[in-house]
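Have a look at the structure below before the remarks.
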Amino acid sequence: MDLQTYALIKLAHVLLFVYWLGADIGVFYSASVVREHALGIEARRTALRILGWIDQIPRYCLVLMLPVGYMLAMQLGVAEVPLAVRVGLWVIAVVWLWAVWLVHHRKGTALAERVRRIDLGWRIVLACGLCWDAYQGFIGRGHLFADWLAIKFLLLASMILCGVAIRVRGAGLGPALQKLFTEGSTPDNEAAVIDSFRKTRPFVLAIWVLLVCAAYTGIAKPSF
């Protein structure tokens, strides 16, 4: 093991956890400002722009978590994949980062909508793949050589699926906010916004719990 390389990869892995959870808390607080009907429409619109910008950080962290995690696991000797697979992981990560960027910065365009649908399907496929890899690791096959690493794969898959649930359950948030900003604050418009946030809140909190569990698993390294 190259200790210098290991230290740098481990630092990157830790920072991904820190910025993911920290940014998510910022998003959660910004959402509470957007829901505050006592504030003016412009103040709430500004809070929404801040929310949208901060929300990109955990999205990027999710994308980078898998290739960086693989590099760290290989440094520890608990995973092994061919060079071609490692290169493929980074190529996928770069394309995925571009897709996440595009969906946010080109929102409302036909291209962004197509990419958003592809991205949603990819997340489901990836979560299933991570679960399969974890199962192979638990039974002593595949490329994962430690139970704790297989657990982290399951936790990452769960976080991805929670993110999918947030998108599905919160699909009405965009139209509800658009109506609020266009028509102004009315009891019906406020109720629609609050209801949309309420539907996604359990999955946001679940991601926080799963992130903490993943961090603990990486530190404690349990085995069965």
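Below are the figures for this structure:
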| item | result |
| --- | --- |
| Ala23 being within 23 Å of Leu173 (Cα to Cα), surrounded by 15 or more Cβ atoms within 10 Å (Cβ to Cβ) and either among the hydrophobic types (A, V, I, L, M, F, W, C) or more than 21 Å from the chain's Cα centre (by Cα) (or both) | yes |
| Check on Gly218, assigned to a helix (DSSP H, G or I), over 15 Å from the mean Cα position of the chain (by Cα) and within 30 Å of Ala73 (Cβ to Cβ) | yes |
| Qualifying residue in region 12-25 (condition: under 30 Å from Gly77 (Cα atoms), part of a helix (DSSP H, G or I), touching a residue at least 12 places away in the same chain (Cβ under 8 Å) and of a type in the set (D, E, K, R)) | no |
| Lone unmet requirement of (1) β-branched (Val, Ile, Thr); (2) under 30 Å from Met74 (Cα atoms); (3) surrounded by fewer than 16 Cβ atoms within 10 Å (Cβ to Cβ) for Ile9 | (3) |
| Helices (runs of 4 or more DSSP H) (entirely within region 103-195) containing at least 3 residues that are within 23 Å of Cys61 (Cα to Cα), touching a residue at least 24 places away in the same chain (Cβ under 8 Å) and not basic (Lys, Arg) | 110-138, 147-169 |
| Given (1) farther than 23 Å from Tyr70 by Cβ; (2) touching an Asp or Glu at 6+ places or on another chain (Cβ under 9 Å); (3) assigned to a helix (DSSP H, G or I), number of the condition Ala99 does not satisfy | (1) |
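Values in this text are rule-based calculations from the coordinates and carry no lab data. Predicted model, so just to flag it, every value in this text is computed and none were measured. Because the Cβ atoms are built from the backbone with ideal geometry, glycine has one as well, and the counts that use them run over all protein chains shown.
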